[in-house]
Each structure stands twice: as structure tokens, then as C-alpha cells.
Number of protein chains: 4
Amino acid sequence: MKGKIKIGIVGLGRLGRRHAENLANHVQDVDLVAAASPITSELEWAKAHYGIETYSNLASLLKHPGLDAVWLVTPTSLHAQQSIEVLEAGKHLFCEKPLSLDVPSCDEVIKVAESHKDLVTMIGFMRRFDAAYIKAKQALNNGELGKVFRIHCESLDPVDPNAFFVKFAPTSGGIFLDCCIHDIDLVRWMLNGDKAKKVAAYGTRIMYPDLEACNDIDTGAAVVEFECGALATFHVSRTSHIGYKATMDITGTSGSLSIGHDIDEIPLIKGINGTSCHKGQQDFFSRFNNAFLSEATEFVRMVKANDAGMHFLEDAREATRIAVAMRESFESGKPVELN
Amino acid sequence: MKGKIKIGIVGLGRLGRRHAENLANHVQDVDLVAAASPITSELEWAKAHYGIETYSNLASLLKHPGLDAVWLVTPTSLHAQQSIEVLEAGKHLFCEKPLSLDVPSCDEVIKVAESHKDLVTMIGFMRRFDAAYIKAKQALNNGELGKVFRIHCESLDPVDPNAFFVKFAPTSGGIFLDCCIHDIDLVRWMLNGDKAKKVAAYGTRIMYPDLEACNDIDTGAAVVEFECGALATFHVSRTSHIGYKATMDITGTSGSLSIGHDIDEIPLIKGINGTSCHKGQQDFFSRFNNAFLSEATEFVRMVKANDAGMHFLEDAREATRIAVAMRESFESGKPVELN
Amino acid sequence: MKGKIKIGIVGLGRLGRRHAENLANHVQDVDLVAAASPITSELEWAKAHYGIETYSNLASLLKHPGLDAVWLVTPTSLHAQQSIEVLEAGKHLFCEKPLSLDVPSCDEVIKVAESHKDLVTMIGFMRRFDAAYIKAKQALNNGELGKVFRIHCESLDPVDPNAFFVKFAPTSGGIFLDCCIHDIDLVRWMLNGDKAKKVAAYGTRIMYPDLEACNDIDTGAAVVEFECGALATFHVSRTSHIGYKATMDITGTSGSLSIGHDIDEIPLIKGINGTSCHKGQQDFFSRFNNAFLSEATEFVRMVKANDAGMHFLEDAREATRIAVAMRESFESGKPVELN
Amino acid sequence: MKGKIKIGIVGLGRLGRRHAENLANHVQDVDLVAAASPITSELEWAKAHYGIETYSNLASLLKHPGLDAVWLVTPTSLHAQQSIEVLEAGKHLFCEKPLSLDVPSCDEVIKVAESHKDLVTMIGFMRRFDAAYIKAKQALNNGELGKVFRIHCESLDPVDPNAFFVKFAPTSGGIFLDCCIHDIDLVRWMLNGDKAKKVAAYGTRIMYPDLEACNDIDTGAAVVEFECGALATFHVSRTSHIGYKATMDITGTSGSLSIGHDIDEIPLIKGINGTSCHKGQQDFFSRFNNAFLSEATEFVRMVKANDAGMHFLEDAREATRIAVAMRESFESGKPVELN
């Protein structure tokens, strides 16, 4: 494909705006031409910043002349249906994670994607584009750790005094589907797509009591046993006092790798009263900004190279399957056997 | 009590020898006068190093003239019965952790201890004497973290190419009773002795397949829900490639504390090929040597001050109850409700 | 000024190519329109990558239609004369550091710049645009450290098995002018432009004996006493085995700040044989890439906003004065008094 | 020699009391039998804590029946003369560093020591007994770094709000003789006793203006060029806001070692407001406590084994020579050539 690819973005919340900014300014060969949202202020923002066409819904945006691809950054509950619309309109599709809150919807999207083999489709597992996870995966592929049998993940969001995320909780699918999904996907990646056998999850809700309304929690722990014998553990919380943190510790029979520890916001240590203090990462944007860019860059590269295909759709389904099992386990108080 | 207190030690395996060395050389006001063991080479070691009297069993050692106290560093399966013998002989008692592999035995020891109120009895939860855990506990008592609701512990032993520990596995009670017991006790300490409601445990056995004979594992994960709403997670493994590691991360509503991270064996970093390398702790001796000394020093202080009483016996029972529940959960594949 | 600003770059060595890439792809409102170099392969690179017009020298490039600004990334020995040419041609000027190897040449450029008050001129002290140094400067301005009296800087380049830099040594002005210049400028910035009183420098040449030909060294240390009483120390070397390192430790009467320590290339730690290993920064590009971008972005912002003025020219003269004194001190074996 | 060796200690200031405590409680085969001091309160402390004989001066203490060895922890200005007294009385000698504030006095002590070849004499360069420096020295001996050409040392005492040290400044010989002496000795050790060619030193006095009375400074920097081509730099200050710090970075042609960085007081990190805080070492006692013990243990071992000889006396002379040259350079404002 020649020239810049024309992209329309749907959803301009906090994350949507970041995607828009990346596409408009930091990714080569992209022409961000349109935005859609039911929220007027979001459309005004798009006009003011990028002077692009705006639409009140996806259906209208899909008719934008010459549109090549759509970037979905909408609430999770809309992902599956909107993905199908995009694909059926013949547009390349980028959809934020998770693909859906239930496995059958994932199946439907995959079925549609399979019948549009000329399109690039990608689910936004951006951490797969982070340099540290990529290097770890390479080390595993090279056999540097031997056989992997233990993976521990932590994904911790900073304490939010304004409880901003609470209003999104009802449609997010809960903490395991919203936050653990990245780590679930990465663990499966590190384990070469191995199948989960058994899932158990636990949690508590102390700092954000309002989450009770949707039976969500602010702090969760989950365990997944894989068929290969590996044991994966997941910690997820909205309560970090040391800034954003996303870590993974991988242990194999001959070595280990630790990803994401001790990353300061900036390399500055303050000394006072015999104490050294350093600030952690602000949020996942600062930690994974380059990964978001690489993700978009790769998507664009594939579109331009006519390198069509599905990326992470089946992985997304498996991640959803496991995350749903975590939620079920948490709700029932019992482990869930998968197949 | 005047003068040095006369101590007899029982059991001179790796840990027993360390205790002997501490008592003989590094703790004030102690006279290490006797040792007992059924193993000839251990008794020869005691004679050669400290020129002390040796006995083939506890009963004989208890008759050593003027003996004030006994230090039990025997296999766990003997702790309870031997503790009772020591107390009934009217000697002060130090017993290594865990007190027993089952709760009823703990109860029996406690009953006997309660009827010997003139004696000092102490279970060897030496981490309670480590400066970092003490400081953390003080911070919690001062309310510096607010309400604690999440505690994560890791206790990792270095990979052992000789699989030395495997031969002790059959009598150790398994990884949860042998290794997790410290963290279980510390978590309860940090939570002011709160009760566990529910326990679940998982594990795998990859590096030491010989553990199968006693149904033990080399890598475990456990979750404990406490009545106060706190969620505690425990990782325990014999497979660390970065040296010995014992960490605890405590999160409260207004702050967090992390204990035991990034402790090098010695403060020396080697730079080569653009890489910085540093060696971790060798084992729990190097990490907790000062705690062992403080523990013994406090025991001796109490004996000398006639400050009789039970120390950590009821805590030991609760730790055993939880660790046993972990093992049961691991074996049954189901969470265990306590009470 | 409306529309994109048209920039021509001069010099496409390793650093020049990075500037070109940033200007072409990562800085908004820029049109990289032309490149000049006497080296054919460099011009071919520019054509192949950006399809821009090429010229064999600055004089021709200055005639490029509509050119707004020139980016000088040429050998240091050419900076002053070329800067004057650019300014006299009425173009905005960005010139890499150092401005010159001698103070009188700096004076000449400043005189010419002063007579072109409608132009933006900037010397490439990109570290002033790094988040950590900016934050440190803000903390100093807020009085958070009290009175600053000790600053220690290290700028260490990785060992270069190919001795790539050696061929540039003869025209670089030597290690103090080439490498220390950034730290000299930053120290003066942190000290609010204070005057140096006395300069002394020392050095050795062990790993790159070929530097003897131009009397340069691979490892230097310098001390500068400032009028305010502050003592600044500078370490500079081409011999780091732990990757690129640029650190600054600032001590004041009530606190201290440390910049740039322990920055890994990526947040990945490998554990093996009880040892943890992590790779340091590859080079100054990876450490300061964002600073290069911010620097260019600010330059472009000023041009577009008609916010003309001189940036860091007088600072560049002072930095050259101090760096020249370091070289003199090293050569004479005696401290040099300034003023 | 059979039995415990009888040691008398002279000087019971802050450091003297630590030595006394170590000798009395933590070193095997020692009988601390006597103490001498002109200060009544110090003698009362010795009596109260250890019930030992006290004397108002060294001469009297030397007559203590059966005395084997003397431990000098007196003001530096007395070291040389008292050392000679001890040796001439036929007692083994431990003397705190520095041996003297001038080289001729060192020579006199060495002459006397040489005529008492049956005695153990040792100067208190305790850092030579620290595990990290020992391991570094072994690595150098093994050729792991190739040829060493750059060593940077920092010895930083915490800010002292009570300016306790200021009253000792007049007799301490100044910051270079008092604080730098350890690093000077260690650098020479790492360089296999190489000779210093040239010494230069600089300094400032900001936080403790009262030091002006004795022309001392609170912050110094020194450079030493060695005959082998190595360049050593020394930072020394009384003004650390991050706790006590003693670091050494050694660079060779094929690798580097860094000693003493990032040692927390205890392994405890507090998280609050997105920031991680950890306390540094309190003072040199906490950093080097084990080194003090190893030093004393080695001294006692040698006495018991009749392993007589001089330890570090000639090194002490060389360290004094270099430290004196630093002070001279600081005072004259010019480098000092040594040969």
C-alpha cells in the first residue's frame, strides 16, 4: 500500500487520547483522519487538537472517505461487536484489550476475522512490544533459563485519591479482566501458548469500598497451574504507594529473569536526613509509552506491507478464558478447572 | 540467676552446629556444657570444637549436673515430645521451629508449658529478632501504614545442586511446614495475631523430582484470607538462581513497607561487558545470623532475669495450623476453611 | 511563523544522523529539506533515507530555497566559523557543543549573534533538557538543598573495542573539551552561572595508547573551585565496563540530589549461579534521546513563535573557558587561576 | 602462647569503647584486663562495664601484671610516642590509624618495631579486613580486571548537627589525615604498594565554619598520580545527607569493581506518596563492625601463634606521607611532587 494509511479512532477517553496523540504525531506513515465518540467533549478535543473529522458513532465513521483502519479504544463491553462491524466494513482493525468479557464473543470475532484474511487485525497487548519482555522471550527461546516452571507477576496501579477508575469498574469486567489480562497473556507467551489447567483467585476490597456495588475488589491474587507443570501467580492491585509497577519474575531450571523492577520516574534520588528517596513510575503510560508506539508502528508496517493476518486474537480469547475463570473462582470461593 | 547459664544442645546438624557456635562463642553469659545426638560424628564434632560433655540422647543429657536449659535443634517430628521432656525435667526450653507438624501436639506442649510457669520456653521464630522486621512491626504499631490489607512474602532457598535438603524432606512436614512457617508467623505478627479464615495452596515439583516419594514439592504458592480482610500471599521455593531471599511486602491504606529486597552477600559489584553483576545472600544463616544471636541473647537474658514465660508457643500452634491447612489444600486441590 | 520550518543539516556522522532522524520523524512542525557534507557516503545516506536535497558544503546549502534554519553537527573545529556564516545568511542556528575550542572564537560568534537579534541561536547542551537535570534545577531554585557547595560529575563512555573515537580525537579538543563540556555547563547552571576561580586537571592514558599522538588521554579528573565556595569535581573516561554513565551528585547544606545512577538499558535482570546481572546504558543516545528531542522541539517552538534570542552562547563560552583551562592544567601539571 | 591473651586498652572515647566492647565480648581468646585514660569518666565506664583495672596513663598500665598486648585508641598526636613505649615495654601493639601526622615519627616507630621482632605490631587499617575489599583484592590478584588504572574513593560522614567532630579537628591532622587515610592505604593495597608520584588536594568549608580555627575543611577532593600510571581520586566530606558512605570504584583494562554502594542500614524500604525511601548506614561502626572484629581476631591469632611481625607499619608511613602531601597541597594551592 502506498502513502499514509488513513486511521479513524473510536473512543477518546484517557487512553484513547494517548493513542490519538501517538497516531497523529509519533507514528510514521499515518494520517489520523477521523474520530468517533458519543461524548461531545471528546469530539471537541479531537477537533481542537488535530482538526480531524468527527462522528457520533462507529457506523458513521466507517463511511469516512478512504478510511483504511479503525482504532478501537472504547469500553470493553463494546469491543467484540464493534470489532465485527469494523471487519465487515473491510477496514483493518486495532482493538484495545481485552477483546471481550466472555469467550463466545471472542469466538465470534475470530470467526469474522478468519473470513477477512486480507485485513490486519490486532488486539492491544502492548506489553508484547516492550523491550524487556521481548528480550526475556528471546532468552527463553534460546533456552537460557532451561525449562520454565514458575512465573510471578505483579501489576499495581498507584493509589488514586480521586478513585477515578471506580466509575469504569462496572463495565470493566472486574480487576482480573481489566488489569490481569496483560500478565495472563504474557505468561502464556512465555510458556509458548501452554494451556491453563486450573485457576484460583482471591481478593479483598479495603481502599475503595464503593467497588462493592459491582462486586469488584481493589486487590487480587490468582494462581494458574499450566499443563506443562508451570505455576503462575498474579498479583493485581489499585493500591500502590510506590507508583505504578508491572513486574514479572520468571524462573527456569537453569536461570531466572526479572522484568520491570525498580524503575524510577526519572533517575533522580533525593537525600535528606540520612535517607535516599526516589519516585516510582507514574502510570502505565510512562512505563509502556514506547511499547504503545512500537505496537502502532508494527500495525502500520503490516498494513503498508499488505502483511495481513490476525494478531493475538486467539491469545486474547485464551486470556479472557483465564481471566473469566479467575473472576468465577473469586466469586465462588473455589478453584476452577479448565477442560 | 547468677553466673553463666548452663545450656545443653540436642541435635548438631547444619543448623544445630550454628546454634552451638553462637552459644559457645557469641552469646554472653552462656556456658555450653553438653550436647546430645544419636549420631557419633556429631558428638565427635562437639567434643573437638568445644570440649563439652556428650550424650547419645536427650534423657541422658537432662541429667547433666547443673544444667539450666536445653536447646532443641532436632528433626521436627521430635520437637513436641522432646519439648515436653525438657519442661518436665524442669529445664528452660528453646525449641527450633516448627513446634510440631500437627496442632494437637502443639496443644500438649502448651499444656505442659503452662504448668511450668517458672520456666522460659521459646520457639525459634528468629526472624522476629531481625532488625528489619522489628522496625516494620514498630511502624505498623505507630500506625504509619494505616490499616494493613495486603502482605506478600517470598522465602526462596538457593538451588542446591546436591539436593542436600531432599533427604530431610520426609520428616520436614513438606515445604509449607518447613519453609513457610516463618512467614506465616510473621504475617500473623504484623496482623496483631489475627485469625486466618481460609487457606489455599498450590505447588509444582520440577527441579527435584525425588521429592515425589514423600509427595513434597520444590515450589509452592499459598493464599490466606484473614478475618480482618487482609489477604496474605506466600511464595516458597528451593529453586532460587539469585541466592537466598526472604522478602515481605506490607501494604496498608496509607503506606507500604518492603523488607529484605536486594541484599547482596557483600557490597561488591563486578562490571564487565557493559553489565553489572552482584551476588545475593548465600543462605538463611548469612541473612539472619544477627537474628539468631539476638534470639539467643534474649533467651539468656530472660533466664538470668527470672523473666519466665512462654514465647511464641501459641503463635507456633497457629502457624502450624495454617501450614497444615496449606498442605491439606495442596493435597486436596481445594481451599480449606479454618474454624 | 506559519507552517513547518525548513531545516538543513550539516554533518551526517553518527550524531548528525541521529539529529537528522529526530528532525525528520520525531519533531513536529519540521521539514528537513537539505543536508550538506563533504563526504559522499553521508549525502547518499541522506538521499536514501529522506529523499532530501544534498550539498557538498554549507555555503551551497544556505542558498537552498526557503531555508529557515541550519543544524550544525560538524567537527568542533568548524563550529565557530560556520555559525557565523549561518547567522550572516540570516538563518536560525542550532550548533552542537562545544561552540569552539577557544574563547576568542566564542566571542566572535556571540558578537555576530548579538547583531542578529531576530534569529534563534542555540548551542546543543541537550542535558539541560533532560527531565532529571531539570527537576534537580527546580529543586535547587526552590531552595530544597540549601546552599550548594559540592558537585561531583562522572561522564563515562563504554569501552570501545574498535577505538572508534580515536580518529576524532585530534579535532575534538581533547577529552575535557569533548566530554567534560556538558558537565561543566550543568555545574555552572546548578550554581546559577557562578564564576570559576581555579581549575586543575589530571589524567592518564592506558587503554588507548594511540591517543598519545594528539596528547589526549582516555581518563581524566578535574577540580574547579567556584567563587561561591563550591567545589566541583569531574571524572571523564572512555573506559567504562558497565555501560554509558552520566551522573551528577549535588550536595547542599540541607540535602542532596543524585542524578543518573543505576539506569539499566532495559528493566531486565538475569539471575544465574546466585548472581543478578543487569546491563547498563549503551551510549549517550539511549540515555539522552528524549533530551535531544526536547531540545529540538524547543528550538522549533521558538522559531515558530518568533521568540528570537541567544540560548547558551555565553554559557558555551564559559564552558569552553573552563574546559580549556582543564586542558592547560593537565598539560602544564599546574592549576590554572581564572581571572 | 597458651590461654587467653591479656590486653590493656588505652583511650576510651567513642571508638575506644567500641574496641573495648569487641575485645571484652566478641573476640575469642582475649582477656581484657586493664584500661588507661587521663579522663576519669572513661575509667569509670571501664570499671562499670567490664570490672577491669584502670590506670591514669600508659606507663602505669604497662606494669599491669601479665599484660600481653596494648590497644592504643588515643588521639593521633600520641600514637607514635605511645607505640614506642609499648614496644619498648615488650608488649604486642595494636595502634589505631593513622600511625602519625608526620613521616619521621612513623620512621621512628618502624625502627623500634624492627628491633622487637618477637612482637606483633599492627596499625588499625580495619578496612583491609572487610569482606568486600578482600574479595576485590583477590579479584585483582587473579587478574580479573586486567591492569588497574583508575580508582575513585568516597568517604562521607553523615552531617552531624552537633558538630561533635569539630572539637577533635585540631589534633586530628585535618580531614585528609583523619578520613582519607583509609582510602589512601586501600588504594596502595589495590595497586600492590605502588609509589605516589604527585599529589594535589582541594577543599571547601561550608557547613562547619568553626573548622577555620584549625584551617581544616569539611569537604575535600584529592588526586594522586601513581608511578604505574594509575590515577586515584579521593572525596572526603563530613556532610552526607544519605548516611555514612565509603565507596571505592576500581577500573582496570578488562573489568571494574565497585565496593560499598547502596548499603542500607537495614533492608527496609518505606513507600509513601509514590516514593520509595530507605535509610543509609549510620556510621563507620555499622559499616565496618565485622572488619573491626576480624582485625582484632587476626591480631589475637597471631599473638597466640607466635606469628610475630609488623603489619601495615610501612604502609602507614606511606599513607601518612601521601595524606601530609594532600594537606600541603591544599594549603599551598599547588600540587606536591613525591619521589
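Among the conditions (1) surrounded by 22 or more Cβ atoms within 10 Å (Cβ to Cβ); (2) more than 19 Å from the chain's Cα centre (by Cα), the only one that C:S237 does not satisfy is (2). Scanning the stretch A:112-136 for residues that are within 14 Å of another protein chain (Cβ to nearest Cβ), among the charged types (D, E, K, R) and under 18 Å from the mean Cα position of the chain (by Cα) yields A:R127, A:D130. Looking at C:V109, C:V159, just one residue is within 14 Å of chain D (Cβ to nearest Cβ), under 24 Å from C:D183 (Cα atoms) and either crowded, with 19+ Cβ neighbours inside 10 Å or not hydrophobic (A, V, I, L, M, F, W, C) (or both), and that residue is C:V159. Suppose we filter A:D315, A:D307, A:D249 for residues that are in contact with a helix residue (DSSP H, G or I) (Cβ under 6 Å, 6 or more places away or on another chain) and more than 14 Å from chain D (Cβ to nearest Cβ); which single one remains? Selected residue: A:D315, the only one of A:D315, A:D307, A:D249 that is in contact with a helix residue (DSSP H, G or I) (Cβ under 6 Å, 6 or more places away or on another chain) and more than 14 Å from chain D (Cβ to nearest Cβ).
The condition (being within 21 Å of the chain's Cα centre (by Cα), at positive phi and not basic (K, R)) is satisfied by just one residue among B:G274, B:G260: B:G260.
Residues in the stretch C:190-217 that are assigned to a strand (DSSP E or B) and not hydroxyl-bearing (S, T, Y): how many? Of the residues in that region, 7 qualify. Checking the stated criteria, C:D307 turns out to be in contact (Cβ under 8 Å) with a residue 40 or more places away in the chain, over 22 Å from C:F234 (Cβ atoms) and among the acidic types (D, E). For the stretch B:93-106, the condition of being farther than 27 Å from B:C179 by Cβ and in contact (Cβ under 8 Å) with a residue 12 or more places away in the chain holds for none of the residues. In the set B:K97, B:K195, only one residue is in contact with an Asp or Glu (Cβ under 6 Å, 6 or more places away or on another chain) and modelled with pLDDT of 95 or more; that residue is B:K195. Among residues of the stretch D:212-231 being under 17 Å from D:L156 (Cα atoms) and more than 7 Å from every other protein chain (Cβ to nearest Cβ), the one that is surrounded by the most Cβ atoms within 10 Å (Cβ to Cβ) is D:A222. Counted as qualifying within the stretch D:1-92 are the strands (runs of 3 or more DSSP E) with 2 or more residues that are at pLDDT 95 or above and within 24 Å of the chain's Cα centre (by Cα), namely D:5-10, D:30-36, D:69-72. Residues in the stretch D:259-273 include at least one that is in contact with a helix residue (DSSP H, G or I) (Cβ under 9 Å, 6 or more places away or on another chain), basic (K, R) and either surrounded by 23 or more Cβ atoms within 10 Å (Cβ to Cβ) or over 20 Å from D:V166 (Cα atoms) (or both). Within the stretch A:255-275, residues that are at the interface with chain D (Cβ under 9 Å from one of its Cβ atoms) and outside any strand (DSSP E or B) reach partners that are surrounded by fewer than 18 Cβ atoms within 10 Å (Cβ to Cβ) and of a type outside the set (K, R) with beta carbons closer than 7 Å, at six or more positions or on different chains, in the pairs A:E265/A:Q282; A:E265/A:S286.
The values are calculated or read from the model by the stated rules, or taken from the named source; none is laboratory data. Remember, predicted model here, so these are calculated numbers, not experimental data. Cβ atoms come from the backbone with ideal geometry, glycine included; neighbour counts cover every protein chain shown.
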